[in-house]
1. Working only within segment C:55-73, note down all residues that are in contact (Cβ under 8 Å) with a residue 12 or more places away in the chain and farther than 20 Å from residue C:125 by Cβ.
2. Is there a residue being in a loop (DSSP other than H, G, I, E, B) and more than 30 Å from residue B:138 (Cβ to Cβ) anywhere in segment C:552-569?
3. Of all the residues that make up segment C:637-660, how many are within 9 Å of another protein chain (Cβ to nearest Cβ) and in a helix (DSSP H, G or I)?
4. Being closer than 18 Å to residue C:662 by Cα and within 8 Å of chain C (Cβ to nearest Cβ) narrows it down to one residue among B:39, B:66; which is it?
5. Please work out which residue is nearest to the chain's Cα centre (by Cα), limiting yourself to segment C:482-516 and to residues that are closer than 30 Å to residue C:431 by Cβ and assigned to a loop (DSSP other than H, G, I, E, B).
6. Out of the residues in segment C:86-105 that are in a loop (DSSP other than H, G, I, E, B) and either facing chain B (nearest Cβ under 8 Å) or crowded, with 18+ Cβ neighbours inside 10 Å (or both), state the one that is farthest from the chain's Cα centre (by Cα).
7. Kindly provide the set of residues from segment C:179-193 that are farther than 13 Å from residue C:279 by Cα and part of a helix (DSSP H, G or I), ordered by number.
Amino acid sequence: MKDKNELIKEQILYQSGVNVRKCMRCGKCSGTCPGYDEMEYHPHQFVYLVETGDIEPLLKSESLYKCLSCFACVDRCPRGVEPAKIIEAVRLTVIRQQGKNKLTPDDIPAVIDDDIPQQALVSAYRKFTR
Amino acid sequence: MQIEEKKPLIAAFCCNWCSYAGADLAGNNRLNYPDNVKIIRVPCSCRVDPTFILRAFQRGADGVLICGCHPGDCHYTTGNYYTRRRMTLLFSMLEYLGIEKERTRVEWVSAAEGAKFAQTVNEFTAAVSALGENRRLEDLRCKE
Amino acid sequence: MQRIGVFICHCGSNIAATVDTSAVVNALSAEPGVVCAVDYPYMCSASGQDMIKEAIKEKELTGIVICSCSPRMHEATFRKAAAAAGLNPYMVEIANIREQCSWVHKDKQTATEKAIVLGRAAIAKVSLNTPLQPGEIPVTKRALVIGGGIAGIQTALDIADAGFEVDIVEKKPTIGGKMAQLDKTFPTLDCAACILTPKMVEASQNEKIRIYSYSKVEEVSGFVGNFTVKIRKKARFVDENKCTGCGLCTEKCPVKNVPNEFNLGMDSRHAVYIPFAQAVPKVAVIDADYCRMLKDGKCGLCSKICGAGAIKYDQEDEIIENKYGAIVAATGCEPIDLDKFDEFAYSKSKDVITSLQFERLMNAAGPTGGVLLRPSDNKHPKTIVFVQCVGSRCEAHAKKGKEYCSKICCMYTAKHAMLTREKYPDTDVYVFYIDVRTPGKNFDEFYRRVAEEYGVHYIKGMVGKICAENGTLKVQASDLLADKQLHIDADLVVLAAAIEPDRSTRPLATMLTASMDTNDFFTEAHPKLRPVESPTAGIFLSGCCQGPKDIPETVAQAGAAASKVIGLLCKDRLTANPCVAHCDEMSCNGCSTCENVCPYHAVTYIEKEFRMPDRTTKIRRVAQVNPAVCQGCGACTVACPSKAMDLYGFSGKQIYAEVDAICR
């Protein structure tokens, strides 16, 4: 019988379609990340912790929602690991476990900033909802 | 008693310089592939006369695989280009005769591609097995 | 009727573990023509070979089949053993029951069955073998080295040292290659020019060595021992024999703004130029793309100023045809294009440079006279960031960069960091690395000194992006060990670009019919045991055209390639492969199909007189194969409409027999 962590790991790998073993720990993803300072766990740590199966802290981390989904890490990773897809899959796991959206439509007007580009709003729908 | 299913018989022609070496590499790396594939060594894939293939089908082979160097990498510069053209013609003729095109295949396998060789053989055997026995060209007079 | 002996090898347990060898012995001894079948733990051992020899003599065998490892491994061994016992070596066939049977199958029963079938096929084939006599080919005692970098120079010097004549073909106006552009060499910090230029001079003065500079190989034909090569000597519009290399023309030429490729475009040169001061041959060359006289017919200043009268505007390309016994490829490497790495701002800022450009900046003969000034504003950079693995170790699907490790970057970056800190101790130097790989003699000691004594900041992590803003380069990188994102304002960024084979390598490989790997490096005949030979006989490999290498390794490989060439040229005659095509003149209808498909032009047609059954004579046109030129590919045998062409060693009958044995 697989433990819960392993099941989550499998699910994340399946959903993201990422082979975390390809990572050679160069850190270019975190080097390129524009949201780095906001994040508690950084793109390379997401990849590494999913690989080692130490997913629990990631599930609790606010970093999941700080990721801008700008895909800079995906573009620049020399090994084609696609860290943003891993983050997205972890996020989806959390949201599905909670069974409800991260934000309700009522919360949204309060957090909207006029400077936020349209594209970020659209991606926010993906990020914060089931 | 259970009747044993007849395993398909596959003849593979491998050029000496790339594909035969690739098959050797598959062995060096201990990559498993079905044992019903028997390799015949030829100097170049262009040595494979269409009549060899017809003969194999006539004598009961269920599939014929031809492996050569990648186009442009032929040890003899242009041999595999001849193979490519000849086999395109031959295979379409065989298909006309009722030999399914899945029973014949040309694959480029370099000396470094042991894994590709094993994979090719696995896929090809599976494809030929799915088609079952080949009876169309079999010459029943030569059966013992 | 043939008398065939079958010898089954256990190869220790390699074969015997999955193949029941005694069952193979039993099955094969019942085959027609087989007079003895035995197994033995190691057929290739001296005692195994003795067993074969004794059996050949005792049982008067006319053919033998060895069921063992791949013929690529031990065919030659067993042929030699057969010859020693008085049997024609071409009456030996190998059934490959190791690589293609015992190693790839797990089930003992089916593996044994397959081994028996393979043995049967080999017996069927050997029954139809004919004794063959290998022909002999004379060897042209001259070698060609393609590429005049350190690899080519060293190979040529070593071959010449042994007393053989050797030609170097170099596409640039001077020999010297990439090493001539370097400043210092790791780990001893010898100046590159100080150790390279004496060798260049030695090569030019050695009477056994001819240098074709500004030339390229146009066409290669022939085969080992007998290559014919056409060399295009490009017009340099200067008479090489008259030019004294005084350099007067290069000073007076009015066209001054040509980017200087020797300094990687960081300064300019004139339209008539000598690449660098120690160039060999030290002869000027006119760049036809920029020269006003050649473009518009107006100027002619260099011709007026040249005291030696060496300028020849009407010079044309010259084609030289030579014969060679061996060819060495020494085409070297070059840094990759960084166009696809726009995150490093390489094309946006002049201050983001490659390591090779940095070499020129540090070089006393470089664009800044050896003073480290950044290209944009000629100021001293105070903070320098080195980025390693740019384009190396990338995933194949990423379509930018190379999958392999370029091997030399870790060491030259350490060298650059050390030199910078030594000359300018007030400079902050950061090196961003993924792994530091320094497995060479005195390499790791060198790297540790750079980190410990010279205070270079080695940071584990990659640079993510670089933005050029108001003359500074904003470097954003991660420090993986401290788990921080770093923001560094750098004045100069040096990218350790991956190296790739020179672009001339692929067309050359096609001409030489030498095989290449997916990265366009030449493939060696064996990755471990024959590292300096190409699988194509008579073609040898030297330096980076075979894989990334540093200078000591290149020189070692150059010497090794030279020794292989010398070994070949020492022979007066080579034994030719007797497995060649031959024509049955009675069936030949003179259609010329074989002549057209032969890639070696080995088939010619002759008019020959035949006696007809009615006692008349008739002259017919029939094909004739030159066995020295034929390589035995068999293209003609299949193309021949009347099946007059056949191949010794792989005859139609033999392959039919094999097919029949397999499909039985």
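The values are calculated or read from the model by the stated rules, or taken from the named source; none is laboratory data. A quick note: this is a predicted structure, and the numbers were derived from the prediction, not measured. Please note: Cβ atoms are built from the backbone with ideal geometry, for glycine as well, and neighbour counts cover all protein chains shown.
1. C:57, C:60
2. Within segment C:552-569, the subset in a loop (DSSP other than H, G, I, E, B) is none.
No, segment C:552-569 contains no residue that is in a loop (DSSP other than H, G, I, E, B) and more than 30 Å from residue B:138 (Cβ to Cβ).
3. Pass one, segment C:637-660, residues within 9 Å of another protein chain (Cβ to nearest Cβ): C:637-639, C:643, C:647, C:649-650, C:652, C:655-656, C:658-660.
Okay, now just the ones that are also in a helix (DSSP H, G or I), so C:637-639, C:652, C:655-656, C:658-660.
Counting residues in segment C:637-660 that are within 9 Å of another protein chain (Cβ to nearest Cβ) and in a helix (DSSP H, G or I) gives 9.
4. Values: B:66 fails: within 8 Å of chain C (Cβ to nearest Cβ).
Step by step, each of B:39, B:66 is checked, and only B:39 is closer than 18 Å to residue C:662 by Cα and within 8 Å of chain C (Cβ to nearest Cβ).
5. Here is the first cut: in segment C:482-516, the ones closer than 30 Å to residue C:431 by Cβ are C:482-503.
With the extra rule that they be assigned to a loop (DSSP other than H, G, I, E, B), the set shrinks to C:482-483, C:491, C:498, C:502-503.
On the way: C:482: 44, C:483: 43, C:491: 40, C:498: 19, C:502: 11, C:503: 13 Å.
The extreme case among them is C:502.
6. Of all residues in segment C:86-105, those in a loop (DSSP other than H, G, I, E, B) come to C:86-88, C:97, C:103-105.
Within this subset, residues satisfying the condition of being either facing chain B (nearest Cβ under 8 Å) or crowded, with 18+ Cβ neighbours inside 10 Å (or both) are C:87, C:97, C:103-105.
Working: C:87: 38, C:97: 32, C:103: 31, C:104: 31, C:105: 35 Å.
The selected residue is C:87.
7. As a first pass, look at segment C:179-193 and keep what is farther than 13 Å from residue C:279 by Cα: C:182-192.
Once the filter is applied, which keeps residues that are farther than 13 Å from residue C:279 by Cα and part of a helix (DSSP H, G or I), segment C:179-193 yields only C:192.
For (1) out of contact with any Cys (no Cβ under 7 Å at 6 or more places or on another chain); (2) of a type outside the set (Lys, Arg), each residue gets a yes or a no:
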| residue | (1), (2) |
| --- | --- |
| B:27 | yes, yes |
| B:30 | yes, no |
| B:52 | yes, yes |
| B:61 | no, yes |
| B:76 | no, yes |
| B:80 | no, yes |
| B:83 | no, yes |
| B:89 | yes, yes |
| B:97 | yes, yes |
